[in-house]
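The values are calculated or read from the model by the stated rules, or taken from the named source; none is laboratory data. Since the model is a prediction, treat every value here as computed from it, not as a measurement. Cβ atoms come from the backbone with ideal geometry, glycine included; neighbour counts cover every protein chain shown.
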Amino acid sequence: MTKSNPPKGNRYFASVDEHFVVESTEHQPTEMRCRFKQNDRYGFIDEKGAEVIPPIYDQAGEFTQCGELYYSKVRLNGKEGLIDVDGNTLVPIIYDDLTGFMPINRL
């Protein structure tokens, strides 16, 4: 995978080909996980480019932080749920719409 030459302190990943595209924005915690798309499915890689979460999702959002918890809203077969940075299910992928959902980080 080729990396672009971004300004100092930022990490970005570039497309490898039309079948494998890695997306990174300044808002996404790229040092943890970076979303990629392969064969119209989304997954996540780490900062070294190793696949951490396989590309099985129809859609996947950037990871959002809530306290010490990072989660991503994912869509699979028309249903939504939440996963953590290791791909573990936090909220089952059984809901029609999780818009406005915010997990509560308990101490």
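Some notes on this structure:
- Cβ separations smaller than 6 Å between residues 6+ apart or across chains give the following pairs from segment 79-107 residues that are exposed (fewer than 13 other Cβ atoms within 10 Å of the Cβ) to residues that are modelled with pLDDT under 90 and not in a strand (DSSP E or B): Asn105/Gly67.
- Members of segment 54-78 found to be in contact with a Gly (Cβ under 7 Å, 6 or more places away or on another chain), closer than 13 Å to Arg33 by Cβ and surrounded by fewer than 16 Cβ atoms within 10 Å (Cβ to Cβ), listed by number: Pro54
- Some residue of segment 3-21 being assigned to a strand (DSSP E or B), under 26 Å from Ile93 (Cβ atoms) and either modelled with pLDDT of 90 or more or out of contact with any His (no Cβ under 8 Å at 6 or more places or on another chain) (or both): yes
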